[in-house]
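Visitor: To start, I am sharing the structure in question, which I have written as structure tokens.
The values are calculated or read from the model by the stated rules, or taken from the named source; none is laboratory data. Just so it is clear, the structure is predicted and the values come from calculations on it, not from any experiment. Glycine gets a Cβ as well: all are built from the backbone with ideal geometry, and neighbour counts include every protein chain shown. Heads up: the accessible areas ignore ligands, DNA and RNA and are worked out on the full protein's heavy atoms, side chains in. Shrake-Rupley method; radii C 1.70, N 1.55, O 1.52, S 1.80 Å.
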Amino acid sequence: MAFLEVEDLKVHFPVKGGIFGRTVDHIRAVDGVSFSLEKGKTYGLVGESGSGKTTTGRAIIGLNRATAGKITYNGHDITNLKKADLDVRKEIQMIFQDPYSSLNPKKRVLDIIAEPLRNYEKLSKQEEKKRVLELLELVGLSSESITKYPHQFSGGQRQRIGVARAIALKPKLIIADEPVSALDVSVQAQVLNFMEDIQEALGLTYIFIGHDLGVIRHMCDDIGIMYKGRYVEEGTVDDIFDNPQHIYTKRLVAAIPDINPENRREQIYYRQEVQKEYEQSYDDYFGDDGLAYGLKPISETHLVALPEKG
Amino acid sequence: MNEKLLEIKNLKTSFRIEDQYYAAVDDVSLTVNENEVLAIVGESGCGKSALAFSLMRLHNRAKIEGDILFKGDDVTNYSAGQVNKLRGNEMSMIFQDPLTALNPLMKIGDQIGEVLLLHKGKFSNLNRKQKAISLLDKVGIARPEHVYEQFPHELSGGMRQRVVIAIAIANDPEVLIADEPTTALDATIQSQILDLLNELKENMNAGIILITHDLGVVAEMADRVAVMYAGQIVEVADVHALFGMPQHPYTRSLLSSVPNAESVDSKLHVIQGIVPSLKNLTREGCRFRSRIPWIDESVHEKSPELHEISPNHFVRCTCYKNFYFPDEKKEDKRHGIS
Amino acid sequence: MNHMWKFSVRRMLIIIPQLLLLSLLVFLMAQAMPGDALTGQINPDLDPQEMQEQREELGLNDPWHIKYADWITSAVRGDLGQSFQFKMPASELIWNRMVNSFWLGVATLIITYLLAIPLGITSGRFNDSLLDSSITGYTYIGFATPIFIFALVMLWIFGYQLGWFPTSGSVAPGSDPGTFEYIVSKINHLLLPAISLGLITTVNTVQYLRSEIIDTKQKDFIITARAKGASESRVYNRHIFRNSLLPIAAFFGFEITGLIGGTVFVERIFGYPGMGDLFIQSVLLRDYTVVTSVVLLFGLASILGALISDIILSLVDPRIRIK
Ligand SMILES: Nc1ncnc2c1ncn2[C@@H]1O[C@H](COP(=O)(O)OP(=O)(O)O)[C@@H](O)[C@H]1O
Ligand SMILES: Nc1ncnc2c1ncn2[C@@H]1O[C@H](COP(=O)(O)OP(=O)(O)O)[C@@H](O)[C@H]1O
Ligand code: SF4
Ligand SMILES: [Mg+2]
Ligand SMILES: [Mg+2]
């Protein structure tokens with residue numbers, strides 16, 4: 001039994017239009033996504049912006065309603081969870097992309113971190129403060145931070161506050177939505193290392209959403225590549241980086257800038273080859289509607305969205 | 001040797017904060033040659049944009065000292081009229097955020113037309129339109145006639161950045177300053193924009209200043225690299241030398257904090273602390289010292305200067321010889337040069 | 001263009017519920033007044049007993065929805081009931097006044113914008129200069145000064161002391177409509193009330209424009225414009241002012257609503273025979289039919305003002321035009 005299992009998840013948003021603002025169409029933000037992940041591992045969700053990564057994450061923790069499909073967490077069906085099953089919900093938390101806007105600027109750090117505690121646990125003021133101090137220590141912030149406001153912290157520190165809030169309820173699964181995209185490399189390194197440390201210390205499982213494949217490669221065990229609400233490829237880190245099969249994955253991999261200037265020529269050449277292949281074989285990889293086909297296994301761990309062979 | 005296009009000499013840009021001036025760019029000297037990409041890297045807050053804005057004279061309330069020679073002419077003495085003739089014409093700029101860089105109420109065509117009108121007044125309206133459409137085509141926009149009539153909000157971020165580039169190259173500038181041109185874009189779009197810049201460089205013979213905090217972008221694009229920390233240049237070198245034999249502790253720290261194929265099983269290097277704000281920056285002695293506290297105080301220089309340690313490779317201060325990462329042994333601290 | 005149409009049609013459809021709500025509110029208000037405010041056929045000063053008898057006689061005790069429907073249908077036809085005090089149709093009484101108020105409104109708006117645009121632009125462009133401080137100072141005074149006191153002072157100085165302007169009425173008695181003298185006299189009469197009102201109402205727009213300009217000045221696309229080599233004056237004229245004037249267009253509707261409040265005082269003080277003057281007069285005379293009608297028309301003007309604003313905005317802002 002997988003730790004988290006997402007089966008054929010669909011999240012469609014209505015598009016209002018016409019004179020009376022009726023629903024005239026749907027945005028298929030997530031359109032049939034399935035994956036499962038193992039406890040203690042990090043699962044990467046990759047794709048360009050608008051491909052449905054955030055929506056998938058939000059559907060898992062119940063912030064977006066699933067239009068169809070099933071999400072099973074640790075044996076419980078948590079699809080469109082009701083308030084009654086709060087116990088399960090507090091085991092799954094989310095870290096948001098932008099450390100500058102995801103924290104309420106008018107609240108003190110104490111109130112920000114204590115918010116989930118107040119929602120789920122009845123603690124006395126003293127106990128609450130003690131817990132918050134423990135959390136701050138865990139994320140490497142000083143105890144004076146407790147009375148400060150978010151603007152008094154740097155980007156990396158704010159992201160740590162976001163992490164402290166997310167781990168306050170001792171979650172088992174954390175969905176990190178581009179947690180380092182807004183940060184400088186040096187700060188990014190700090191947050192990534194730190195996420196690895198607490199993963200080990202607390203036995204966490206991560207869904208790591210990102211578009212920087214360098215970071216994804218560093219962090220993840222398994223990866224799913226999304227395009228327009230669907231999966232185009234799924235596999236282990238090695239499957240994806242060393243043996244990409246779908247043309248879209250190849251483009252993503254080719255787009256990673258190589259940190260070694262000696263490889264510059266090959267890199268440009270590789271990218272041009274991929275671009276050529278993309279232009280020539282686009283129709284082989286996408287259906288008439290421009291969407292990806294269903295996934296077919298090509299090895300035990302590696303799945304690719306390819307058409308049924310005629 | 002290519003012609004020197006831009007010579008920056010002892011440039012100092014200071015902002016006034018509470019009745020006192022603080023330098024965000026502090027004694028920077030650099031040259032940009034024809035047909036060359038000079039990358040400027042550093043964490044955010046190091047003064048890269050402040051430098052770029054100084055070159056274009058876009059600051060409205062800053063004190064600027066030092067010289068900026070464009071083909072031998074000091075532009076710091078230019079009148080407003082002369083500056084306007086230079087901007088968008090011989091020297092132009094690409095900005096970081098394509099979503100806000102265009103006027104939301106003006107047609108794309110008019111925004112490109114404006115920069116042509118300003119410098120190529122003799123064009124007829126028809127000529128101008130044709131030129132604008134050919135520019136859109138040149139930056140890889142499909143259906144340029146259609147896009148000419150559109151407004152910015154109708155285009156994606158990548159398309160808008162192409163429009164910003166079209167504006168910048170409209171008058172075949174000799175110096176092109178790109179301030180984090182791909183930071184706000186997706187990886188695939190980023191690589192397309194970088195390819196576009198490379199292609200333009202081949203055909204333009206211009207000198208390009210590429211500002212970025214992404215070392216991958218530097219490795220792919222730059223001919224020479226200047227590493228900037230807290231308003232100062234700490235290392236300048238040919239791109240191969242910089243990545244192959246980085247010397248300054250800041251350069252080395254930056255490089256080792258980037259996740260890459262080799263880093264998968266190891267921890268990334270974390271640069272302790274943050275870039276100090278202008279007010280909190282200690283200006284005496286070495287500015288990077290507080291972020292490598294494990295290095296013994298005795299090795300720091302009093303006032304570190306740029307030294308040429310090998311031809312065209314400059315490093316600020318000599319104590320790079322003494323630098324090591326905390327997890328390295330002090331004895332085997334340096335590879336390569338002794 | 002198609003989208004523009006859709007927007008306009010959708011926007012116009014919104015006024016249907018607005019009109020319905022307005023008419024219901026006015027109807028309820030009229031019901032609460034003594035006598036019969038809808039038709040104006042009953043003396044509101046009668047004692048309740050007699051009033052009741054008269055109502056029976058005139059058939060005014062129908063259920064409310066029938067009365068509402070009757071009132072609406074006749075109002076749409078232009079019949080707003082009888083003025084009890086003047087014994088004439090309220091619509092006739094109102095018509096001339098409405099024309100007067102309309103011109104006063106137009107004159108005030110012109111003065112408002114004539115003042116607001118240069119002042120707002122100067123203040124925004126040179127913010128934190130001495131000039132800006134003086135303009136901002138003026139707006140603070142404008143905010144703090146009650147319109148009726150200001151109008152009285154203006155009347156006293158320019159009307160009575162200096163004698164530059166007539167002190168009441170909307171036209172010199174005895175001039176023939178249509179002649180040149182008539183038009184000049186009309187303008188002469190509305191100038192002082194319009195200036196008095198304009199000087200006060202403009203401060204809102206000045207402040208609004210100022211903050212729009214200060215805001216727009218810091219936008220990234222302004223840096224792009226400078227980097228293109230545009231001169232300061234071009235940057236201001238082509239980019240900053242154009243983009244800041246847009247929200248002012250949207251403000252136009254509120255301006256109309258604000259004006260209505262202002263005219264009530266100003267017309268009264270200047271004895272200018274407009275709707276506002278009529279409103280106060282009718283309240284004092286307990287001429288409830290007229291009060292009801294005037295309120296209805298004021299409400300209509302506000303709704304139309306908001307509609308015009310939105311349509312102007314959609315015409316000038318491509319982001320709305322195209323959506
Ligand atoms: N609440 C919403 N209402 C309507 N559309 C939405 C909503 N949230 C997301 N979308 C749309 O769904 C698509 C996927 O968005 P998202 O999941 O945020 O992508 P990603 O995180 O991969 O960038 C986008 O086209 C986005 O505009
Ligand atoms: N107009 C300004 N007034 C005051 N301080 C400024 C101004 N612009 C930039 N700074 C400060 O100067 C330093 C360098 O900023 P910047 O050049 O934007 O850095 P970078 O582009 O390298 O991220 C920062 O500390 C920043 O806060
Ligand atoms: S060793 Fe040199 S460069 Fe490094 S911190 Fe000391 S003075 Fe600065
Ligand atoms: Mg997202
Ligand atoms: Mg910058």
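Visitor: Could you name every one of the helices (runs of 4 or more DSSP H) located completely within segment B:157-243 that has at least 1 residues being within 30 Å of B:Leu118 (Cα to Cα)?
Guide: Per the criteria, B:157-169, B:187-204.
Visitor: I would also like to ask the following. B:Cys317 versus (1) touching a residue at least 12 places away in the same chain (Cβ under 8 Å); (2) open to solvent by 20 Å² or more (accessible area, probe 1.4 Å); (3) touching a Cys at 6+ places or on another chain (Cβ under 8 Å): which is the lone unmet condition?
Guide: That leaves (2) as the condition not met.
Visitor: Among (1) open to solvent by 40 Å² or more (accessible area, probe 1.4 Å); (2) within 16 Å of ligand 4 (Cβ to nearest atom), there is one condition A:Lys53 misses while meeting the rest; what is its number?
Guide: It is condition (1) that A:Lys53 fails.
Visitor: Can I ask one more? Can you find a residue that is within 16 Å of ligand 4 (Cβ to nearest atom), assigned by TED's automatic domain parsing to the domain that holds B:Ala52 and either among the β-branched types (Val, Ile, Thr) or closer than 17 Å to B:Thr31 by Cβ (or both) anywhere in segment B:213-235?
Guide: Taking every residue of segment B:213-235 in turn, none turns out to be within 16 Å of ligand 4 (Cβ to nearest atom), assigned by TED's automatic domain parsing to the domain that holds B:Ala52 and either among the β-branched types (Val, Ile, Thr) or closer than 17 Å to B:Thr31 by Cβ (or both).
Visitor: Pick out the one residue from B:Lys107, B:Lys129, B:Lys120 that is open to solvent by 20 Å² or more (accessible area, probe 1.4 Å) and under 30 Å from B:Leu69 (Cβ atoms).
Guide: Going through B:Lys107, B:Lys129, B:Lys120 in turn, just one is open to solvent by 20 Å² or more (accessible area, probe 1.4 Å) and under 30 Å from B:Leu69 (Cβ atoms): B:Lys120.
Visitor: Considering each residue of segment A:199-238, count those that are of a type in the set (Lys, Arg) and within 10 Å of chain B (Cβ to nearest Cβ), and give that number. Walk me through how you get there before you give the answer.
Guide: At the first step, the residues of segment A:199-238 found to be of a type in the set (Lys, Arg) are A:217, A:228, A:230.
Pick out the ones that are also within 10 Å of chain B (Cβ to nearest Cβ) and you get A:217.
Residues meeting the conditions: 1.
Visitor: Where in segment C:234-323 are there helices (runs of 4 or more DSSP H), lying fully within it, with 2 or more residues that are open to solvent by less than 30 Å² (accessible area, probe 1.4 Å) and away from chain B (no Cβ under 14 Å)?
Guide: C:242-269, C:275-285, C:288-316
Visitor: Can I ask one more? What are the residue pairs meeting all of these: first residue in segment C:289-312, first residue among the aromatic types (Phe, Trp, Tyr), second residue part of a helix (DSSP H, G or I), Cβ atoms under 7 Å, and 6 or more apart or on different chains?
Guide: Final answer for the pair search is C:Phe298/C:Ile260.
Visitor: Within segment A:198-310, considering only strands (runs of 3 or more DSSP E) that don't extend past its boundaries, which have at least 2 residues that are within 30 Å of A:Gln159 (Cα to Cα)?
Guide: Because the criterion is at least 2 residues that are within 30 Å of A:Gln159 (Cα to Cα), the strands (runs of 3 or more DSSP E) in segment A:198-310 that meet it are A:205-210, A:222-227, A:230-236.
Visitor: Hey, another quick one. Within segment B:203-220, restricting attention to residues that are more than 12 Å from chain A (Cβ to nearest Cβ) and over 14 Å from the mean Cα position of the chain (by Cα), which residue is nearest to ligand 5 (Cβ to nearest atom)?
Guide: Top of the filtered list is B:Ala206.
Visitor: Sort out which residues of segment C:15-30 are open to solvent by 80 Å² or more (accessible area, probe 1.4 Å) and under 17 Å from C:Ile308 (Cα atoms), and write them in order of number.
Guide: C:Ile16, the sole residue that qualifies.
Visitor: Scan segment A:26-50 residue by residue and report those that are more than 14 Å from every other protein chain (Cβ to nearest Cβ), open to solvent by less than 10 Å² (accessible area, probe 1.4 Å) and farther than 18 Å from A:Asn74 by Cβ.
Guide: Answer for segment A:26-50, where residues must be more than 14 Å from every other protein chain (Cβ to nearest Cβ), open to solvent by less than 10 Å² (accessible area, probe 1.4 Å) and farther than 18 Å from A:Asn74 by Cβ: A:Val30, A:Val33, A:Leu45.
Visitor: Sticking with this one: Taking B:Ser290 as meeting all but one of (1) open to solvent by 30 Å² or more (accessible area, probe 1.4 Å); (2) touching a His at 6+ places or on another chain (Cβ under 9 Å); (3) part of a helix (DSSP H, G or I); (4) at pLDDT 85 or above, write down the number of the exception.
Guide: (2)
Visitor: Then there is this: Which residue out of A:Thr249, A:Thr205 is away from ligand 1 (no atom under 16 Å from the Cβ) and of a type in the set (Ser, Thr, Tyr)?
Guide: The unique qualifying residue is A:Thr205.
Visitor: Then there's this: Might you let me know whether segment A:83-101 holds any residue that is within 16 Å of ligand 5 (Cβ to nearest atom) and either in a strand (DSSP E or B) or at negative phi (or both)?
Guide: Scanning segment A:83-101 turns up at least one residue that is within 16 Å of ligand 5 (Cβ to nearest atom) and either in a strand (DSSP E or B) or at negative phi (or both).
Visitor: Follow-up. Could you please let me know if B:Pro276 is away from ligand 4 (no atom under 16 Å from the Cβ), part of a loop (DSSP other than H, G, I, E, B) and either within 9 Å of chain A (Cβ to nearest Cβ) or over 25 Å from A:Asn263 (Cβ atoms) (or both)?
Guide: Considered against the rule, which asks whether it is away from ligand 4 (no atom under 16 Å from the Cβ), part of a loop (DSSP other than H, G, I, E, B) and either within 9 Å of chain A (Cβ to nearest Cβ) or over 25 Å from A:Asn263 (Cβ atoms) (or both), B:Pro276 comes out as yes.
Visitor: When you scan segment B:48-62, do you find a residue that is buried (at least 22 other Cβ atoms within 10 Å of the Cβ), within 13 Å of ligand 2 (Cβ to nearest atom) and farther than 28 Å from C:Asn127 by Cβ, even just one?
Guide: yes
Visitor: Within segment B:175-189, restricting attention to residues that are crowded, with 24+ Cβ neighbours inside 10 Å and more than 16 Å from ligand 2 (Cβ to nearest atom), which residue is nearest to A:Leu213 (Cα to Cα)? Talk me through it step by step, then tell me what you get.
Guide: Taking segment B:175-189 first, the residues crowded, with 24+ Cβ neighbours inside 10 Å are B:176-178, B:181-182, B:185.
Restricting the remaining residues to those that are more than 16 Å from ligand 2 (Cβ to nearest atom) gives B:176, B:185.
On the way: B:Leu176: 29, B:Leu185: 14 Å.
Per the criteria, the residue is B:Leu185.
Visitor: How do the helices (runs of 4 or more DSSP H) wholly within segment B:52-156 filter down when requiring 2 or more residues that are on the phi < 0 side of the Ramachandran plot and more than 9 Å from chain C (Cβ to nearest Cβ): which remain?
Guide: B:108-119, B:125-138, B:144-148
Visitor: If I ask for residues that are over 15 Å from B:Glu174 (Cα atoms) and surrounded by fewer than 17 Cβ atoms within 10 Å (Cβ to Cβ), which ones from segment B:79-96 would you list?
Guide: B:Ser79, B:Ala80, B:Gly81, B:Gln82, listed by residue number.
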